[in-house]
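Here is the structure we will look at, set down as structure tokens.
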Amino acid sequence: MKIALEKKNLRKLILQKRRKLSQTIVHRQSDLVFEQLISLPVYKKAQCIMLYAALPDEVQTDQMMRYALQ
């Protein structure tokens, strides 16, 4: 039970911190993730990838989706 409670508290803390990030920071970090992703050899060789539709305070995946669909 102790571990479950610690995980719940950690998730809550991370969510609070994530919600405090400015949109500028979210977009800047999303751009960095995108650049790193497309440079990976495993990504370049992939025949199938999966992405999620991001919430506003998460890594934005729309650029990744557009790139993957080219």
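For the reader, a short list of remarks on this structure follows.
- Residues that are within 15 Å of the chain's Cα centre (by Cα) and open to solvent by 100 Å² or more (accessible area, probe 1.4 Å), drawn from segment 14-33: K17, R19, R28
- Within segment 1-13, being open to solvent by less than 90 Å² (accessible area, probe 1.4 Å) and hydrophobic (A, V, I, L, M, F, W, C) holds for A4, L13.
- Residue ID - least open to solvent (accessible area, probe 1.4 Å), chosen from residues in segment 34-61 that are among the β-branched types (V, I, T) and over 12 Å from the mean Cα position of the chain (by Cα): I38
- Of the residues making up segment 26-61, those that are in a helix (DSSP H, G or I) and over 21 Å from L15 (Cα atoms) number 11.
- Condition check for M64: open to solvent by 90 Å² or more (accessible area, probe 1.4 Å) and either touching a strand residue (DSSP E or B) at 6+ places or on another chain (Cβ under 9 Å) or not charged (D, E, K, R) (or both): no
The values are calculated or read from the model by the stated rules, or taken from the named source; none is laboratory data. Remember, it's a predicted structure, so these values are computed and weren't measured experimentally. With ideal geometry, Cβ positions are generated from the backbone for all residues, glycine too; neighbour counts draw on all protein chains shown. Protein only, heavy atoms only, side chains kept; ligands, DNA and RNA dropped before computing areas. Shrake-Rupley method; radii C 1.70, N 1.55, O 1.52, S 1.80 Å.
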